[in-house]
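The values are calculated or read from the model by the stated rules, or taken from the named source; none is laboratory data. Model, not experiment: these values are computed from the prediction. Positions of Cβ are backbone-derived with ideal geometry, glycine not excepted, and every protein chain shown enters the neighbour counts. Each accessible area value is taken on the protein alone, full model and side chains, heavy atoms only, with ligands, DNA and RNA left out. Shrake-Rupley method; radii C 1.70, N 1.55, O 1.52, S 1.80 Å.
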Amino acid sequence: MRLPVTAGDFREQARSRLPRFLFDYLDGGATDEHSLRANETAWRDVTLRQRVLVDVDQVDTRTTLGGQACAMPVVLAPVGLAGMMAQRGEVQAVRAADAAEIPFTLSTVGICSLSEVAAAANAPFWFQLYMIRDRGRIEDLLQKAWQLGCRTLVFTVDLPIPGMRHRDTRNGLGATGLRAAALRAWQVSSHPNWLWNVALRGGPLTFGNLSEAVPGGRNLDAFKAWVDSQFDPTVTWLDIAWLRQRWQGTLILKGILEAEDARHAVQVGADGIVVSNHGGRQLDGVAATASKLPAVVAAVGGQTEIMVDGGIRSGVDVFRALALGANGVMIGRPWAWALAAAGETGISQLLRSWQQELRLAMMLTGVTEIAGIGCAQLDQLSGFPAGEYE
Ligand code: FNR
């Protein structure tokens, strides 16, 4: 046995702890998973300039994101079904995020409800919303989130329809019928710890925020069928304007890849954007987010807050994203792997290690504060030429 250190270590532990359909749901991407892989490898192509003999005794990783003070420029991204990765998973995650002084984002399709997470949180957390057909339901959720102290809304715009995730289909996830149920039951039977701790002692395993919307929905399949029928492909920028009028807090649009869309986001009054391809889970074939970020920064940097996600796997990757012009990053799979592997403690361990890596990257590039990270720290050879992104 070895102690987990990196996101990859937690991933391997998650693989052995979760029934296969759940690990694949978390780990997988759309179609052939090219964009998923590209997200990770693109960060490694961003090389940095080492600087020496600079006084780096006092390094500060603190910043502000979405109007909230953070100990480092990292936010836990919304991950649907996170509450199936460990017992009441979103509650454990918000506690770890609070301890690390960074924001946690609750997914619309989380297992734990807004109220359950609010009861566990001791700092404001963020809420993620998808546009669903029933606008009355959206208004109710906005009101509830506000009443419970959420002040930052992350509105996801890259999911007019769920992507084709072949691993899920192979595992019978979301499928009805005896064969799919038998397959999943077989996978669960070889993970008695998960069965006992999460399925039996960690229920109810339904979508906490949507329980009123799916009357009689007792199992996850009923909820998933409802949610899949509710994603609204008619949504346009007009709906974002509608939303802007109804949300007085910080509004962040997640799922922007093109500079043109980033400009629209600014025009419609978004306070921030997340450059994201949904972790390679939607359109396989789109470019890695690291390679799309510079053009977005050139288009709207300084006018709106820019975060990026997809394939960020270390504190050094966080530094790379900032060097390319982002104000902060979101991370999805890494925190959910750590949650599956070791619960709240796992997430805390991972975040501590990333903060230390970020601090180290700052020291070895001669930067002492987050605002000081920029294109000057990019190596000329990286293919991301310094000076282009200001
Ligand atoms: C997601 N993501 C996501 N995004 C969102 O806006 N709402 C959601 O409910 C979910 N659900 C979800 C489930 C799972 C299992 C994954 C892996 C991802 C996307 C997520 O917020 C984020 O954009 C990506 O995960 C970022 O990529 P990495 O960090 O996972 O590589």
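Using the charge dipole of region 254-390 (Lys, Arg: +1 at Cβ; Asp, Glu: -1 at Cβ; taken about the Cα centre), state which of Ile331, Thr289, Gly272 has its Cα farthest towards the positive end.
Ile331
Tell me, what are the semi-axes, in whole angstrom and largest first, of the equivalent ellipsoid of region 264-390 as set by the roots of 5 times the Cα gyration tensor eigenvalues? Walk me through the numbers before you get to the answer.
Numbers: eigenvalues 113, 81, 38 Å².
They are 24, 20, 14 Å, listed largest first.
Relative to the longest principal Cα axis of the chain, at what angle does helix 178-189 sit, 0 to 90 degrees, rounded to 10?
The angle comes out near 60 degrees.
Using only the alpha-carbon atoms, how far is helix 135-147 inclined from the longest principal axis of the chain? Give it as 0 to 90 degrees, nearest 10.
It works out to around 60 degrees.
Give the peptides 189-196, 352-359, 240-247 in descending order of average Cβ contacts within 10 Å, highest first.
On the way: 189-196: 13.1, 352-359: 18.5, 240-247: 16.2.
Final packing ranking: 352-359, 240-247, 189-196.
Taking the simple approach of a point 7 Å from Cα along Cα-to-Cβ for both Gln50 and Ala287, what is their distance in nm?
That separation, rounded to one decimal, is 3.0 nm.
On a full-extension model of 0.36 nm per residue, what is the gain between Leu200 and Glu139, subtracting their alpha-carbon distance, rounded to one decimal in nm?
Using 0.36 nm per residue and subtracting the Cα-Cα distance, I get 18.6 nm.
Taking the chain as the reference, fit the longest principal axis to its C-alpha atoms, fit the long axis of helix 333-365 to the helix C-alpha atoms, and give the angle between the two in degrees, 0 to 90, nearest 10.
Between helix and principal axis, roughly 0 degrees.
Suppose R0 equals 25 Å. What FRET efficiency, 1/(1 + (r/R0)^6) with r the Cβ-Cβ distance, do Trp226 and Gln303 give to the nearest 0.05?
Once rounded, the FRET efficiency stands at 0.10.
Over the chain, calculate the relative contact order: mean separation of alpha carbon pairs under 8 Å at least 6 apart, over the residue count, as a percent.
Working: 793 pairs, mean separation 111.2, N = 390.
Relative contact order, the chain: 29 percent.
Please find, in a Gaussian network model of the chain (springs between Cα atoms separated by less than 10 Å), the residue of Ile138, Ile312, Ile331 whose mean-square fluctuation is greatest.
Top of the fluctuation ranking is Ile138.
Once you have the Cα-Cα distance between Glu258 and Met1, take 0.36 nm times their residue separation minus that, and quote the gain in nm to one decimal.
Stretched out fully, the Glu258 to Met1 stretch lengthens by 88.1 nm.
Arg15 versus Trp242, label points 7 Å from Cα toward the beta carbon: distance in nm?
Modelled inter-label distance: 4.4 nm.
What part of the accessible area of region 155-228, given as a whole %, is carbon or sulfur when the probe is 1.4 angstrom?
61 percent
Which of the listed residues, Ala14, Val56, Ala71, is farthest toward the dipole's positive end in region 1-93, when Lys, Arg count +1 and Asp, Glu count -1 at the beta-carbon?
Farthest towards the positive pole: Ala14.
With both bridge residues required to lie in the chain, what share of the DSSP beta bridges run antiparallel, to the nearest 5%?
Details: 5 of 33 bridges.
Percentage antiparallel, nearest 5: 15.
With +1 on each Lys and Arg Cβ and -1 on each Asp and Glu Cβ, and nothing else charged, work out how big the dipole of region 7-372 is about its Cα centre, in Debye to the nearest 20.
In debye, rounded to 20, region 7-372 gives about 720.
How long is the gain from Gln380 to Arg179 if the chain were fully straight, where each residue apart is worth 0.36 nm and the alpha carbon distance is subtracted? Could you put the intermediate results ahead of the total?
Working: separation 201, 0.36 × 201 = 72.36 nm, distance 5.50 nm.
Between Gln380 and Arg179, full extension yields an extra 66.9 nm.
Of all the C-alpha pairs in the chain, what % are more than 30 Å from each other?
Roughly 36 percent, once rounded to a whole number.
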